[in-house]
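These notes are about the structure you will find just below.
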Amino acid sequence: MDPESKHVAGPPTDAPASTTGDDAISTETATKSSQAFPEAVVSAGPSAPAAKEQPLLETPGALRQDDDVHAESTPKQTGIEPSSLDASFVATASAVEAPHDRPDDTDYIQHPVQAAQLAEEQELEFEDDADSALGSDTESATTTLSESIYNYRREHGRTYHAYKDGKYIFLNDEREADRLDLQHHLFRLTFGNRLYFSPVKELKHALDIGTGTGLWAVELADAHPECEVIGIDLSPGQPTLVPPNLKFLIDDAEDVWIYNQTFSLIHARLMAGCFADWPNFFRQAYQNLEPGGWLEMQDYGLPVKSVDNTHLGTDVHRWGELLCAAARNFGRPMGSDVSESYKEWMREAGFVDIQTKMFMWPINAWQKDPYWKELGRWNQVNILEGLEGFCLALLTRGLGWRKEEVDVFVGRVGRDLRDRRIHAYFPMPVTFGRKPWPGEVV
């Protein structure tokens, strides 16, 4: 959509005053629910091929019975109970032929601890229930932490990062931290409990870019005590009691990377909107990977989509267009403006064996299938809790709206997020690629 158009840049005119109903699930309630996630067992059996893309109109079933079971550990001091994690083939590395001996490493993609569905993008059946359409389902140099980092920018009653003030346009306060923890659980549901899909043979050093509250890094470090893990972010707020093989740094991934080692895996989640020069990010990631190392981008698409066009003309669709327009004005494009180009930028940087797996997050519980209903409910809580934070900086700084206009628009978008007649979803692409081995013909 044209960011200069009056429809995109202009503020809304009317809307309900509230974005959540009386029966809404709070972030605290949802986080408590996520703590009951089942524990995993340790196994060093041979790995199995990854679940394949599912045909349209077919409900994704459980993974095959011969899917492998991998290691899991309990995060320390994070407030989250044990999660189901992958051991990334450390125990079976000797039984697997080297990546440079085979042109395609996709047979080594990880598998969850237990049979679990994947929220892969597909056409879903929706409920035909007009009475319940308006739903109630929701309820630089690397810099170590210092006191100056905690002098957050305050704006409209919420806080933003202090280090490199203004670079990241989303929030960093306690309310947002709770939402990020909830969102991590949503990713586990979406990915069948995997932390990543890259077929890493031997995980020795890992880098988590934009680590947020640090849950992904903590879980990876717990599952792989032999791996040194670094998590970086512009904001502090990560736990202080962590596995001994994990450290957090306040750092800017747009600066020159000066790490003392190369990495087996570089992971970046939901970073669309964070960088002004994406090709440079991929070049630096390539340079800081060891030969055969993997870069994995877990991101989102925006605006929302639907299979039956019920998203067209809605405020939730216009919301995505507005955010993308504002991000372009900032010079830091977001959503599908960047995530759809990851494969091209990775190829230009020199990566090989590049793959994209498409997942989806429904905006609410409009689906018939129980698995997708649960996923939709979790995402509805996730988006409603973050809606104000997503909009404040982008619409006020990027499009010149007043806070009152943002509040009205947030109310209208929240109404759409509860409307199960809108069969919309967020595309959630995972793109990963490998740095070639020396002498490998590419």
| Say we look at region 198-211 and pick out the residues that are surrounded by fewer than 24 Cβ atoms within 10 Å (Cβ to Cβ) and closer than 15 Å to Ala268 by Cβ; which of these is modelled with the lowest pLDDT? | Gly210
| task | Report the residue count in region 255-297 for those that are in a strand (DSSP E or B) and either open to solvent by less than 10 Å² (accessible area, probe 1.4 Å) or of a type in the set (Gly, Ala, Ser) (or both). | result | 13
| query | Of the residues that make up region 313-320, is at least one more than 24 Å from Leu195 (Cα to Cα), outside any strand (DSSP E or B) and either under 15 Å from the mean Cα position of the chain (by Cα) or of a type in the set (S, T, N, Q) (or both)? | reply | yes
| said: Conditions first: (1) closer than 27 Å to Met358 by Cβ; (2) at pLDDT below 95. Thr240 passes all but one, so which condition is the exception? | reply: (1)
| remark: The condition from (1) outside any helix (DSSP H, G or I); (2) open to solvent by less than 10 Å² (accessible area, probe 1.4 Å); (3) out of contact with any Leu (no Cβ under 7 Å at 6 or more places or on another chain); (4) closer than 19 Å to Ala272 by Cβ that Phe187 misses is numbered (1)
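The values are calculated or read from the model by the stated rules, or taken from the named source; none is laboratory data. Predicted model, so just to flag it, every value in this text is computed and none were measured. Reconstructed Cβ throughout: ideal geometry from the backbone, glycine too, with neighbour counts over all protein chains shown. Please note that ligands, DNA and RNA were not included when accessible areas were found on the heavy atoms of the full protein model with its side chains. Shrake-Rupley method; radii C 1.70, N 1.55, O 1.52, S 1.80 Å.
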